[in-house]
Amino acid sequence: MASPTFTPQSTDDFWADTDRYLVRYAGAGSFTPEIIARAAGSFLYTESGREILDFTSGQMSAILGHSHPDIVATVRRQVGELDHLFSGMLSRPVVDLARRLAGTLPAPLEKALLLTTGAESNEAAIRMAKLVTGKHEIVSFARSWHGMTQAAASATYSAGRKGYGPAAPGNFAIPAPHTYRPDFTTATGELDWRKQLDFSFDLIDAQSVGSLAACIVEPILSSGGVVEPPLGYFAALQEKCRERGMLLILDEAQTGLCRTGSWYAFERDGIVPDILTLSKTLGAGLPLAAVLTSAEIEQAAHDRGFLFFTTHVADPLVAAVGNTVLDVLVRDRLDVRAAELGAFLRGGLERIAERHNVVGDIRGRGLLAGLELVVDRETKEGSDELGALVTRRCLELGLHMNIVQLPGMGGVFRIAPPLTATEDELSLGLAILDEAIGDAAARM
């Protein structure tokens, strides 16, 4: 066996080793053909010397940009003091973060469980809901993404279901209320979400064996194409849950902590979920997630012996980072900044839409925007080829974009720059996107 010593590689050797040694984990997707050497602020820097504007904040996570000086300082200090503990031990950063998260939320959300990833937090939330209600059936949107672990994957319908055997029993999908592509319509052709919701739960009731535990949904479906349900929908959904003794779980992995222009996306709707999950944005790029619920639900779970014991539950290093994230969000008023920059971004996207007929729809909130590409605005017909061409051309011009391509809809760009981005950086990204769409449309 060869010794695992490190030797400098040529670029050709790097990609040869990629092919030989890495498991490909993104389905039909492939790795971006760049070797990233470092990142700072809103930009990535490649080994070849290219500068790439990051319009996805890493994996939609780095809300403070890359290598934020406050985060860097916290990691350097904390890793030298206290990084990891036995899961039954506690440290000050953990309790501080739990208390401070509760302070950002409406009553009765005040109990926190600190974990690592979004899938893990959703797994814990679903497990808690099943234990507390004594039931097992879970409802989620047909374009949902909640993670790739067992319960989370069973509640995920946008991708990754085929070929892995049975999902957890008792999982049901309901259609997402999509105003651009409505399935139930009024006499004027607009989405009739109330009729859609009533029909959805008629089907749920018909299929249920009488064991409905919870409904888990995203306030804005990100992997589902940046779909935001209309105002009033979530209040009506919560009422459907209450009528059936179900808990409402909101997954704010991508929308939580100021990205949408408010601390939490659910604030717009005047509701409070029974359980809230956070991840991505909480660690600003580091693996940190949380489940938050009421003292009543936590007590009921505890009384029933709630068990979610993981290697990195309540780790002090990432908890310290979470506290720093909250410090920066409050100090720099990044909720206000996200709202202002979101309006600036949307204005730029609307001007692009005026110039290019292949832009079918612009949607989202704050600094989570979606731009849907179509080949015909009347029929709303999409094109995988067009989306791929624009994505590739953006990268060539120095902009990293992420596109969602699902059956029945066009390619949708998820645009989620850091909350620390400047107007000049947004303008640069918009200019590149404008040029890329023009180039791709001309080729089509």
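The values are calculated or read from the model by the stated rules, or taken from the named source; none is laboratory data. Source: prediction; values computed, not measured. In this analysis, Cβ positions are derived from the backbone assuming ideal geometry, glycine residues included, and neighbour counts consider all displayed protein chains. We work out accessible area using only protein heavy atoms, side chains counted, and drop any ligands, DNA or RNA first. Shrake-Rupley method; radii C 1.70, N 1.55, O 1.52, S 1.80 Å.
Expressed as a whole percent, the accessible surface of the stretch 82-332 that belongs to carbon and sulfur atoms is 55, based on a 1.4 Å probe. Among ASP13, ASP192, the sequence by solvent-accessible area, most first, with a 1.4 Å probe is ASP13, ASP192.
Ignoring lysines fewer than eight residues from LYS195 along the same chain, the ones with Cα atoms less than 22 angstrom from its Cα are LYS240. Think of the stretch 347-396 as a dipole: +1 on every Lys or Arg Cβ, -1 on every Asp or Glu Cβ, centred on the Cα centre; then among THR379, GLY360, GLY347, GLY347 lies furthest on the positive end.
Ligands, DNA and RNA excluded, the heavy atoms of TYR45 present near 50 Å² of accessible surface to a 1.4 Å solvent probe. If you sort HIS66, HIS178, HIS136, HIS302 by accessible surface, 1.4 Å probe, largest first, the order is HIS302, HIS136, HIS66, HIS178.
The protection proxy used here, the mean number of other Cβ atoms lying within 10 Å of each residue, ranks peptides 325-336, 225-236, 54-65 as follows, highest first: 54-65, 225-236, 325-336. In the chain, if the dipole is taken from +1 on Lys/Arg beta carbons and -1 on Asp/Glu beta carbons about the Cα centre, which of GLN59, LEU288, ALA124 is farthest to the positive end? Final value for the positive-end residue is ALA124. Summarising the strand pairing of the chain, around 65 percent of its internal DSSP beta bridges are antiparallel.
Counting only residues at least eight positions apart within a chain, or on another chain, the lysines with an alpha carbon under 20 Å from that of LYS280 are LYS111. Mean sequence separation of contacting Cα pairs (under 8 Å, at least six apart), scaled by the length of the chain, corresponds to a relative contact order of 20 percent. Listed by chain and number, the aspartates and glutamates whose C-alpha is less than 17 Å from the C-alpha of LYS135, apart from same-chain residues fewer than 8 away, are GLU123, ASP205, GLU243, ASP274, GLU298, ASP303. In a DSSP loop and with at most 14 other Cβ atoms within 10 Å, the trypsin sites (Lys or Arg not before Pro) in the stretch 130-210 are ARG161, LYS162.
Among 286-299, 384-397, the peptide with the highest mean count of other Cβ atoms within 10 Å heads the list, and the full ranking is 286-299, 384-397. For the set VAL217, VAL358, solvent exposure ranked by accessible area (probe 1.4 Å, protein chains only) runs largest to smallest as VAL358, VAL217. Which of rounded, prolate or oblate describes the stretch 82-332 when judged by the alpha-carbon gyration tensor and an a/c cut-off of 1.5? Taking the square roots of the gyration eigenvalues as a ≥ b ≥ c, the stretch 82-332 is prolate. Annotation: per residue accessible area for the chain equals 45 Å², rounded to a whole number [probe 1.4 Å, protein chains only].
Which entry in (1) 168; (2) 147; (3) 131 is this structure's computed volume of the Cα convex hull per residue in Å³? Comparing each candidate, only (1) matches the computed number.
Pick from ILE415, ILE432, ILE36: which residue has the top mean-square fluctuation in a GNM of the chain where Cα pairs under 10 Å get a spring? Residue with maximal mean-square fluctuation among ILE415, ILE432, ILE36: ILE36.
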